[in-house]
1. What is the percent carbon and sulfur in the accessible area of the stretch 56-195, measuring with a 1.4 Å probe over the protein chains and ignoring ligands?
2. Determine the per residue accessible area of the stretch 1-140 with all protein chains present and a 1.4 angstrom probe, expressed in square angstrom.
3. Pull up all non-local amide H partners of Gly151: gap of 5 or more, or a different chain, and H-to-H distance under 5 Å with H placed in the peptide plane.
4. What would the Debye formula give as log10 I(q)/I(0) at q = 0.12, 0.22, 0.25, 0.26 Å⁻¹ for the alpha-carbon point model of the stretch 124-198, no solvent?
5. Determine the sum of side-chain charges near Gly123: Lys and Arg each +1, Asp and Glu each -1, restricted to other residues whose C-beta is under 13 angstrom from that of Gly123.
Amino acid sequence: SYLGDEPSSSRNTVVVRGTGSVWKTSTDLYVGYNGAGNSLVVSNGGLAIANGNVNVIGYSVSSSNNSVLVTDPGSVWTNGYDLWIGQTGNHNSLVISNGGRVIAFDANYVISSSNSVVVTGTGSTWISGSNAGNLKIGTSGNGNSLAVSKGGRVNSTYSVIGENGANNSVLVTDSGSVWSNSTDLFMGATPAANLNSLV
């Protein structure tokens with residue numbers, strides 16, 4: 001499933017809104033395959049199910065400023081396997097707010113540069129893996145960020161901030177906000193991975 005297939009296919013939007021509303025794909029889902037400024041919004045109890053091996057926000061170099069918003073109690077975006085934010089595209093974003101939930105059953109990767117994830121509001125949750133799995137902020141890029149605020153929660157097992165990139169960051173702030181990481185947490189994995197931060 002391609003939202004923004006060609007470089008010229010920009011500013012397209014899919015909205016899944018309301019309890020009982022479902023968008024289900026049996027293959028990979030791309031929000032911004034080559035196009036820029038495309039968006040997926042799941043709200044008011046809507047459900048998006050992507051059963052592909054890799055589901056991506058911002059696939060190619062030309063696919064920048066694409067976004068996914070999952071908001072409101074009961075709203076869920078569930079991914080069959082990996083979720084990548086910015087495979088080679090930059091300035092892509094995922095926002096989980098007001099009790100929304102995003103689940104990736106294998107791993108979450110924030111990959112290229114200047115991509116962001118925000119988890120904000122009580123009940124807002126980003127789950128990496130069915131029993132919590134890999135979470136990598138800055139897999140190969142610079143200036144990526146994760147912010148958890150106002151009671152949001154992130155669950156993961158093995159996490160890396162700035163695996164091969166620099167200036168990547170995680171911020172956990174406000175009462176009730178949690179990043180639950182049950183095993184290893186690494187700040188950088190190569191000599192070039194520097195100036196990464198966890199606050």
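1. On the way: 2630 of 5140 Å².
It is 51 percent, rounded to a whole number.
2. Values: 5250 Å² over 140 residues.
I get 37 Å² per residue for the stretch 1-140.
3. Residues meeting the amide H criterion: Gly121, Ser177.
4. Normalising to I(0) and taking log10 leaves -0.30, -0.92, -1.09, -1.14.
5. Working: positive: Arg101, Lys150, Arg153; negative: Asp72.
Cβ neighbours under 13 Å give a net charge of +2.
The values are calculated or read from the model by the stated rules, or taken from the named source; none is laboratory data. None of these values were measured; they are calculated from a predicted model. Because the Cβ atoms are built from the backbone with ideal geometry, glycine has one as well, and the counts that use them run over all protein chains shown. Accessible surface is based on the protein model in full, side chains and every heavy atom, while ligands, DNA and RNA are left aside. Shrake-Rupley method; radii C 1.70, N 1.55, O 1.52, S 1.80 Å.
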